[in-house]
Amino acid sequence: MPPRWWWRAPRDGALVLGYDPWNVLSHGLRFRQEIRVSDGRAGLGRRGEELAVRELARQGYEIAGRNWHCQMGEVDVVALRGDTWTFFEVRTRRGRSFGTPEESLRSTKVKRMADVARMYLAEHDVNVHEVDWRIGLVAVEMDRAGYLLRVDVYESIW
């Protein structure tokens, strides 16, 4: 019989991967080897969003919403500065193996964000034709070890 792998989520929410090399679990014994599994990309994305929100607040933006979604898609950060609404996409990269954060944003995503922005404004009783609004990008780059290299804010990309 081959070894068994099993997953469980303990109370703290982290995933735990267990490996039973001798199939002792199937024999009713209590032995198991546990390896913590990091949440990888999701954790990197959350960290990038936190850094982005801090930088936007430092630049004078009021954060109106985070991770707002509808049937058309999702926007990471909705911010307001003065009378201008800005809908930010946050792109985080660790290392340059897959390019820069700016290079990862495609035109289809920007168009979808514009649709989501219109939906957000409509649902919050804001007339799209009477307010200033734009699509922005926050690029967060870290080195391979996870140390922050830069946080760049592009206020208008569309």
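In region 118-147, which chymotrypsin sites (Phe, Trp or Tyr not before Pro) fall in coil by DSSP and have 16 or fewer other Cβ atoms within 10 Å? Sparse-neighbourhood loop chymotrypsin sites (Phe, Trp or Tyr not before Pro): Tyr147. Restricting the GluC sites (Glu not before Pro) of region 78-113 to loop positions (DSSP other than H, G, I, E, B) with no more than 16 neighbouring Cβ atoms within 10 Å leaves nothing.
Residues Tyr154, Tyr61, arranged from fewest to most other Cβ atoms within 10 angstrom of their Cβ, appear as Tyr154, Tyr61. The residues Asp152, Asp83, Asp76, when put in order of fewest to most other Cβ atoms within 10 Å, stand as Asp83, Asp152, Asp76.
Rule-based calculations on the coordinates, nothing more; no lab input. Everything numeric here is computed off the predicted structure, so don't read it as measured data. Cβ atoms come from the backbone with ideal geometry, glycine included; neighbour counts cover every protein chain shown.
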